[in-house]
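Derivation of every value follows stated rules applied to the coordinates shown; laboratory data play no part. Just so it is clear, the model here is predicted, and its values are computed rather than measured. Here the Cβ is made from the backbone with ideal geometry for all residues, glycine too, and neighbour counts use every protein chain on show.
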Amino acid sequence: MENLHILSEIIKNRRSIKPANFIEGSKVPDSVIITALENAIWAPTHGNTQPWEFIVYTGEALKTLNEFESELFRSENGDVNPAKYESLKNRYKKVSHSIAICYRKTEFSRIPEIEEIEAVACAVQNLALSISAAGYGGMWSSGGITYSPNAKKFFGLGENDKLLGFYLVGEIAKAVPPGIRKPVSEKVRWNR
């Protein structure tokens, strides 16, 4: 029961923290990222296909990623959203690690694609809980170039693979407000 209580507290205290709320120049130890990714790959996966791949960007590679993201965003959207362009381009200033979340289609698998993507989402939840439990901030970002077919080559993704977003990690600049959820009684039905 004690482990369940500890896990419940970690789950209830996890928040999505936007990079604007990270400390400029954030430095999260690589060891934290490695442990979080080790926990991520223990997510449930139908048929044990393990359809996830994570690509970690930090340091100069993160700056290169952000330049690619911002330029692809602008080439596909023009100058309609200059604030988004600047946000993508300068993200490396606050983000310690950006982890590309990829779905790798399993060849000859009979598992429906939706179940494979759900498995990746479970892996990201493990990642998010681990980052939070270590005392750092994180958020799954799926805007910008996430669903652009033109992004695939940069990440080495095949035609049937998908980029599902980025998990952004950094040091939290200020206290996070408590979360709000409706009572479980409003979201669960029991049949006996």
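Which whole-Hz ³J(HN,Hα) couplings does segment 186-192 yield from phi under the Karplus relation 6.51 cos²θ - 1.76 cosθ + 1.60, θ = phi - 60°, glycine and proline marked x?
Karplus values, whole Hz, x for Gly and Pro: 7, 10, 10, 10, 9, 10, 10.
Among Ser185, Gly170, Pro112, pick out the residue whose Cα is farthest towards the positive end of the charge dipole of the chain, where Lys and Arg carry +1 and Asp and Glu carry -1 on C-beta, about the Cα centre.
Result: Ser185, furthest along the dipole toward the positive end.
With only Lys, Arg, Asp and Glu charged, each at its Cβ (+1 for the first two, -1 for the last two), find how big the charge dipole of segment 19-173 is about the Cα centre; round to the nearest 20 debye.
Computed about the Cα centre, the dipole is about 220 debye.
If I build a Gaussian network model for the chain, linking alpha-carbon pairs within less than 10 angstrom, which residue out of Ile145, Ile114, Ile131 has the largest mean-square fluctuation?
Comparing Ile145, Ile114, Ile131 in the GNM, the peak value goes to Ile114.
Classify segment 25-111 from the C-alpha gyration tensor, please: rounded if a/c falls under 1.5, else prolate or oblate depending on whether a/b exceeds b/c.
Verdict is oblate for segment 25-111.
Calculated from the structure, Cα extents along the principal axes in Å equals which of (1) 42, 34, 31; (2) 61, 43, 25; (3) 56, 47, 34?
(3)
Setting aside same-chain residues fewer than 8 positions from Lys187, which lysines have a Cα under 23 Å from its Cα?
By straight Cα distance, Lys187 reaches Lys12.
Using only DSSP helix segments of four residues or longer, with each worth -39500 (n - 2.57), what per-residue ellipticity at 222 nm results for the chain after dividing by its residue count and rounding to 500?
Here the helix-only value at 222 nm equals -12000 deg cm²/dmol.
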